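Okay, structure first, notes after.
The values are calculated or read from the model by the stated rules, or taken from the named source; none is laboratory data. On a predicted model such as this, the values are computed, not experimentally measured, just so you know. Glycine gets a Cβ as well: all are built from the backbone with ideal geometry, and neighbour counts include every protein chain shown.
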Amino acid sequence: MNMICPMCDQGVLREITFTGDYAFNGGRIVVSGLKGCFCDLCKSDPILSEQITENQVLIADAKRREMGLLQSKEIRAIRLGLGLTQHQASDLFGGGTNSFSKYERGEVLQSAALDNLLRVAASIPEVMSQLKEHHRGDRTASLYSVPIAPNVLIPSGRDVNIGFAKGMNFKRFTNSGWTKGRAA
Ligand SMILES: [Zn+2]
C-alpha cells in the first residue's frame, strides 16, 4: 500500500490494524484485526472503502459467533457446494433480492431460521430437490430465468416490457434500484 494521504496531500498512508468495540445484543463485542490507515504526518486515520468491506465481514462474523450462526465463508462454502449462484440461492432460500450477496459481504446477518435451513440443505441432499420442487410452483421463480444485464441502467419511467410473455414477472433496474414488474 502506497497512497498519499487524502487529508494533508503530503503524508503517505500506512495500513494499520485496530480493535473495535461494538454494542451488540445488550452486551459488547470486541473485534480485532480491523483494518484502517494512518498518516504519520497529519495523524489522520481514514478507512478506505475496501477496508470497510473487509471490516464489515469481520464484525458480522463476530456477531454470528456470538449467536452461534454460520460465518460468512461457511455460507459461501455451503452455497457453492450446492452449486448455486448468489442470485439462485437468494431466490431459492428467500430473504430478498441479493440476500446472499449481503450475507456473504456481512452487510446483513442471516436469520436463525435460514441458518438452520442452510445447515440442513448442506447435509441432506433431498432437501434441495424438495426446495426446487416447491419453488417451481412459485410464479416469481421466473425472475431469475429472465436474462437482464445487471449493469444496464434503464431510465426510470420508461417502459421496459420487451420480449416478456404476458403475465410474466420480471425485474428491471431503474434509477431507484431493482423493481419487480409484470409484463402486460
Ligand atoms: Zn496526512
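Summed over the range 37-55, residues that are away from the ligand (no atom under 16 Å from the Cβ) and out of contact with any strand residue (DSSP E or B) (no Cβ under 8 Å at 6 or more places or on another chain) total 4.
Taken together, the residues in the range 67-77 that are over 15 Å from the mean Cα position of the chain (by Cα) and either of a type in the set (Phe, Trp, Tyr) or in a helix (DSSP H, G or I) (or both) amount to 1. Selection over the range 98-128 of residues that are of a type in the set (Ser, Thr, Tyr), over 13 Å from residue 78 (Cβ atoms) and in a helix (DSSP H, G or I) gives a count of 2.
Given the criterion at pLDDT 95 or above and assigned by TED's automatic domain parsing to the domain that holds residue 79, identify the matching residue among 139, 119, 105. Walk me through how you get there before you give the answer.
Numbers: 139 fails: at pLDDT 95 or above; 119 fails: at pLDDT 95 or above.
None of the others qualify; the one that does is 105.
Just one of the listed residues (58, 34) is outside the structural domain of residue 128 (by TED's automatic domain parsing), more than 16 Å from the ligand (Cβ to nearest atom), farther than 27 Å from residue 121 by Cβ and modelled with pLDDT of 95 or more, and it is 34. Is it the case, given these coordinates, that residue 58 is surrounded by 16 or more Cβ atoms within 10 Å (Cβ to Cβ), among the hydrophobic types (A, V, I, L, M, F, W, C) and assigned to a loop (DSSP other than H, G, I, E, B)? Spelling it out, it is not the case that residue 58 is surrounded by 16 or more Cβ atoms within 10 Å (Cβ to Cβ), among the hydrophobic types (A, V, I, L, M, F, W, C) and assigned to a loop (DSSP other than H, G, I, E, B). Taking the conditions exactly as written (surrounded by 14 or more Cβ atoms within 10 Å (Cβ to Cβ), in the same structural domain as residue 123 (by TED's automatic domain parsing), away from the ligand (no atom under 16 Å from the Cβ) and among the aromatic types (Phe, Trp, Tyr)), does residue 93 satisfy them or not? Yes, satisfied. Screening the range 6-18 for residues that are part of a strand (DSSP E or B) and touching a Leu at 6+ places or on another chain (Cβ under 7 Å) and picking the one that is nearest to the ligand (Cβ to nearest atom) gives 18. Residue 64 meets the conditions (1) part of a helix (DSSP H, G or I); (2) within 16 Å of the ligand (Cβ to nearest atom); (3) among the basic types (Lys, Arg) in every case but one. The failed one is (2).
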